[in-house]
């Protein structure tokens, strides 16, 4: 058996940062052992940087890769959403080319699993040839109860196409887009269709989302007009959007709440308690570079940490980011929140993401017999590259 031995300035095993340790693997990247330097023997490959398991991108929109550099930064969320809706009409060959380039970029910079949002099956061909694991979140848009059944049938057919093209270990689930795009009946149908599954929902990216449910008057009305809707189709509950829609779920789902830039501590506490009482698992997904790109805001990370929330990292899409790089997400968190230990952020990028996507049997940590991917991060967190 041919072994490889890796040593870097620091080694993160998925749980803690180590120095003076050597990672020993088989040629295909299967983990054999993790030993102190003095016990590891000869022929050790010396590397500059931080050695980690493969990175987990918990939130991406691969199918929007053709929108790279199309929407300028700092437009604000409502303008950004209007641009995404109205600028998707590209040549199919261009869309496929950009999807392929984005997948290649993620693979080469060490991403081993992706929670990927899609409204179409445009990514199916590229994913079928990919070495990345894909949790496909087929995103439902359904503004009214009257169209709920038809919308679920349409997006269900997209999900079935992905399932047919992509077998295990990849997975596909129907998911709601956001509280501002899913009617009550549509939420009910999605809940029934996703019992026990991993799902995702964009959450509280803008104060207007809460206003929609609290008063019915909201900046989102501008977005609705693109779809021919003149007034809010959603019930006025007097509550925040999260408190208005999370109770639709009660089927033991794992729910990724993505972005959360306007989420308050009271909503976090309430949501975690609701999840506990109803046998749900909440995952709070941070996409800090997308938040900076769109609105120059950051998510309330201290609040999430203070309440012991499960945290993972995502990149969002090329419509809202300068790159699809988890290490650059880590760097931005370090820049904006320097008090957060590097070890904690590394956990979010590896073992926490693998556990949330239910792939911790193979990914996320350097443990004997696993094949989690081996990635080298630069010490300044500006770049990463896959070693195995």
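If you take the Cα centroid of the range 268-345 and the Cα centroid of the range 252-266, the two points sit 10 Å apart. Summary of the geometry: the range 78-120 and the range 217-243, compared by the centres of their Cα atoms, lie 27 Å apart. Under the 0.36 nm per residue contour assumption, what length would be gained going from the current alpha-carbon distance of residue 195 and residue 129 to full extension? Between residue 195 and residue 129, full extension yields 20.9 nm more.
For the chain, the convex hull drawn through the C-alpha positions has a volume of 130 cubic angstrom per residue. Extension gain for residue 334-residue 385 works out to 16.4 nm (0.36 nm per residue, less the C-alpha to C-alpha distance). The protection proxy used here, the mean number of other Cβ atoms lying within 10 Å of each residue, ranks peptides 171-180, 99-108, 117-126, 152-161 as follows, highest first: 171-180, 117-126, 99-108, 152-161. By the beta-carbon count within 10 Å of each Cβ, the least crowded to most crowded order of 288, 199, fewest first, is 199, 288.
Relative contact order of the chain: 22 percent, from C-alpha pairs under 8 Å at least 6 residues apart in sequence. With a simple spin-label model that places each label point 7 Å from the Cα along the Cα-to-Cβ direction, the separation between residue 227 and residue 265 comes to 3.5 nm. For the pair the range 172-200 / the range 1-50, the C-alpha centres are spaced 43 Å from each other. Output the 0 to 90 degree angle, nearest 10, between the alpha-carbon long axis of helix 184-193 and the longest principal axis computed from the alpha carbons of the chain. Result, in degrees: 40. Could you put 201, 305 in order, starting from the residue whose Cβ has the fewest other Cβ atoms within 10 Å? Listed from fewest to most nearby Cβ atoms, that is 305, 201.
Antiparallel as a % of all DSSP beta bridges within the chain, to the nearest 5?
Details: 18 of 53 bridges.
Roughly 35 percent of the DSSP beta bridges within the chain come out antiparallel.
For the chain, modelled as a GNM whose springs connect Cα atoms under 10 angstrom apart, the maximal fluctuation among 358, 328, 306 occurs at 306.
Out of every Cα pair in the range 230-388, what percent are spaced more than 23 Å from each other? Summing the P(r) of the range 230-388 above 23 Å gives 44 percent of all pairs.
Starting from 0.36 nm per residue, how many nanometres of slack lie between residue 105 and residue 160 once their C-alpha separation is accounted for?
Values: separation 55, 0.36 × 55 = 19.80 nm, distance 2.69 nm.
Additional length available on full extension: 17.1 nm.
With the convex hull drawn around the C-alpha atoms of the range 46-99, the volume per residue stands at 150 Å³. Modelled label positions at residue 343 and residue 94, each set 7 Å beyond Cα in the direction of Cβ, lie 4.9 nm from each other. With r defined as the distance between the Cβ atoms of residue 75 and residue 15 and R0 fixed at 35 Å, what FRET efficiency is calculated, to the nearest 0.05? About 0.35, to the nearest 0.05. For 77, 17, the sequence from fewest to most other C-beta atoms within 10 Å is 17, 77. On the beta carbon distance between residue 147 and residue 252, with R0 = 30 Å, the FRET formula returns roughly 0.60. With a simple spin-label model that places each label point 7 Å from the Cα along the Cα-to-Cβ direction, the separation between residue 44 and residue 278 comes to 5.2 nm.
Per DSSP H run of n ≥ 4, the term is -39500 (n - 2.57); total these for the chain, divide by its residue number, and report the mean residue ellipticity at 222 nm rounded to 500 deg cm²/dmol.
Values: 14 runs with 132 residues, N = 388.
The helix contribution divided over the chain gives -10000 deg cm²/dmol.
Every number in this text was worked out from the coordinates using simple rules, so none of it is lab data. Model, not experiment: these values are computed from the prediction. Cβ atoms come from the backbone with ideal geometry, glycine included; neighbour counts cover every protein chain shown.
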